[in-house]
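The values are calculated or read from the model by the stated rules, or taken from the named source; none is laboratory data. Quick caveat: nothing in here was measured; it's all calculated off a predicted structure. No Cβ is skipped: glycine too gets one built from the backbone with ideal geometry, and neighbour counts run over all protein chains shown.
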Amino acid sequence: MAKKRATKPARKMPERRPAKKAAPRVETAAAAIRRLDAEFMRAAAAHDGAALVAAFYDKDAVLMPPNSPAMEGHESIRQMLQGLMDSGLTSIKLETTVTASSGDLAFGRGRYTMNLEPSGGSPVTDVGKYVVVYRRQGGAWRAVADIFNSDQGAT
């Protein structure tokens, strides 16, 4: 009589699990602010006030330029910035140096350098500072309050 061989239990194949989907990357407030700065500078260089406002500002934003009343809402802000661009803006550089956020609010503080060549006038370089408050809505960050002023004395 032949000996019975012990059989090994069948080896279980590991279960195949569906591949985990990577969680969508959420843009940090600091990264969003720097991206918005780049969009602002790009639209300003193109002298496109409508694109600048649409990319950067919330529909209910307020812009508080020096020596002027506050500009509230897209159309008012667009008119002010388009007027600045049309008056001879050749470049603007934004450099946000400080950012902070909590929940759906963030702020950026920085400095700007703006170059103007007014028609029939001498070129002007203005250097100043700004603070912008941002709010995240539906995942997108937009400026809700923007104030800036020059480091140069009033003339």
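Structure data summary
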| quantity | calculated |
| --- | --- |
| Selection count, segment 66-79, where residues are surrounded by fewer than 17 Cβ atoms within 10 Å (Cβ to Cβ) and of a type in the set (A, V, I, L, M) | 1 |
| Per-region count, segment 87-128, residues exposed (fewer than 11 other Cβ atoms within 10 Å of the Cβ) and basic (Lys, Arg) | 0 |
| Sole residue being in a strand (DSSP E or B) and under 14 Å from LEU63 (Cα atoms), chosen from TYR112, TYR130 | TYR130 |
| Hits in segment 141-155 (condition: part of a strand (DSSP E or B) and free of Cβ contacts under 8 Å to residues at least 24 places away in the same chain) | none |
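Condition check ((1) at pLDDT 95 or above; (2) among the β-branched types (Val, Ile, Thr); (3) touching a Ser or Thr at 6+ places or on another chain (Cβ under 8 Å); (4) surrounded by fewer than 13 Cβ atoms within 10 Å (Cβ to Cβ)) across all residues:
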site: PRO24; (1), (2), (3), (4): no, no, no, yes
site: ALA30; (1), (2), (3), (4): yes, no, yes, no
site: LEU36; (1), (2), (3), (4): yes, no, no, no
site: PHE40; (1), (2), (3), (4): yes, no, no, no
site: VAL53; (1), (2), (3), (4): yes, yes, no, no
